[in-house]
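Notes follow once the structure below has been shown.
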Amino acid sequence: MKRLIEIIRRDLRLALRQGSDSVMVVTFFVLTVILFPFGIGPEANILERVSPGVLWVTALLASMLSLDRLFQADYEDGSLELLALTPTALEILVIGKVAAHWLTTGLPLMIAAPVLAVLLHMNGDGFVALLVTMLLGTPTLSLIGAMGAALVLGARRGGVLLSLLVLPLYIPVLIFGVGAIDSAVQGLDYSAQLLLLGGILLAALPLAPLAAAAALRQALE
């Protein structure tokens, strides 16, 4: 646990020192959502209807922007090899990096989402569902993204390949996230969608670090 906290602190310091990835992710999220009212018109009914899908699709794409740098910087400067030589298991390294990635990308997206939901005239009944689905869904996106980032580590045009790998795996999170918000807006029970999102997160928590660590070992050989 002490080593895990050290890894999270290290990545958070690097992220705050550079700052570009987090700012880029949030800026992309905000600007893309703002463009939708210009593209589909200012009618409140239309914006309210599409708001769950717009927010989730945009958040999904925004979270992918910094995935290719999850391990790449450490791989290029040799830090990843040094970390792999320490007694700490690579799975702990992956969990720490995923946690730092979520704190610098997923958490800001979750904070910005309700503000942008107001811009899209989302029904007030959907705000709680929006926050809960973001809380369950964005860590899953980071975990799945870590697997993809580890698999393409060192590959040419890794960013394009990463998108092709993780997008199909993101689709269930997108479907259940949007479905929960739609059900909440219509006054229906959305506990089933939340349970499915929670189940995906619980499955990804042990499996994603194991898969990512195996891919990192392969890349370092």
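How long are the semi-axes of the equivalent ellipsoid of the stretch 99-191, defined as square roots of 5 times the Cα gyration tensor eigenvalues? Whole Å, largest first.
29, 14, 11
Among Pro209, Thr138, Met122, flag the residue with its Cα farthest along the positive direction of the charge dipole of the chain, charges on Cβ as +1 for Lys/Arg and -1 for Asp/Glu.
My answer, from the dipole projection, is Pro209.
Just to check, using Stokes-Einstein with a Kirkwood Rh over alpha carbon pairs, what's the diffusion coefficient of the stretch 2-220 at 4 °C and 1.567 mPa s in µm²/s?
73 µm²/s
Measure nothing fancy, just the Cα-based angle from helix 107-119's long axis to the longest principal axis of the chain, in degrees from 0 to 90, nearest 10.
20 degrees
Compute the accessible area per residue over the stretch 2-220, keeping the other protein chains in place, probe 1.4 Å, unit Å².
On a per-residue basis, the stretch 2-220 sits at 48 Å².
Taking a cut-off of 16 Å, what percent of all Cα-Cα pairs in the stretch 86-135 are separated by more than that?
Here the tail beyond 16 Å accounts for 52 percent of pairs.
Sorted by mean Cβ packing within 10 Å, highest first, what order do the peptides 47-53, 91-97, 35-41, 22-28 take?
The packing order, highest mean first, is 91-97, 47-53, 22-28, 35-41.
Gain in length, Glu81 to Arg3, computed as 0.36 nm per residue apart minus the alpha-carbon separation, to one decimal in nm?
Here the answer is 26.5 nm.
Using a 1.4 Å probe over the heavy atoms of the protein chains, calculate the carbon and sulfur portion of the accessible area of the chain as a whole percent.
Carbon and sulfur: 69 percent of the exposed surface of the chain.
If packing is taken as the mean number of other Cβ atoms within 10 Å per residue, what is the order of 68-79, 166-177, highest first?
Highest to lowest by the protection proxy: 166-177, 68-79.
How big is the charge dipole of the stretch 31-108 about its Cα centre, in debye rounded to the nearest 20, if each Lys and Arg gets +1 on its Cβ and each Asp and Glu gets -1 on its Cβ?
Once rounded to the nearest 20, the dipole reads 260 debye.
Take Val50 and Thr32, extend 7 Å from each Cα along the Cα→Cβ direction, and tell me the distance between the two endpoints in nm.
In this crude label model, Val50 to Thr32 measures out at 1.4 nm.
Please compute one quarter of the surface area of the Cα convex hull for the stretch 137-221 and express it in square nanometres.
5.6 nm²
Relative to the longest principal axis of the C-alpha atoms of the chain, give the angle of the C-alpha long axis of helix 20-40, reported between 0 and 90° and rounded to the nearest 10°.
That helix lies at roughly 20 degrees to the long axis.
Between the helical axis of 127-151 and the dominant principal axis of the chain, each derived from Cα atoms, what acute angle in degrees is found, rounded to the nearest 10?
30 degrees
What spacing in nm lies between the two simple spin-label points modelled at Leu207 and Ser191, each 7 Å away from Cα in the Cβ direction?
2.5 nm
The values are calculated or read from the model by the stated rules, or taken from the named source; none is laboratory data. On a predicted model such as this, the values are computed, not experimentally measured, just so you know. Neighbour counts run over all protein chains shown; Cβ positions are idealised from the backbone, glycine included. Accessible surface areas use protein heavy atoms only, side chains included; no ligands, DNA or RNA. Shrake-Rupley method; radii C 1.70, N 1.55, O 1.52, S 1.80 Å.
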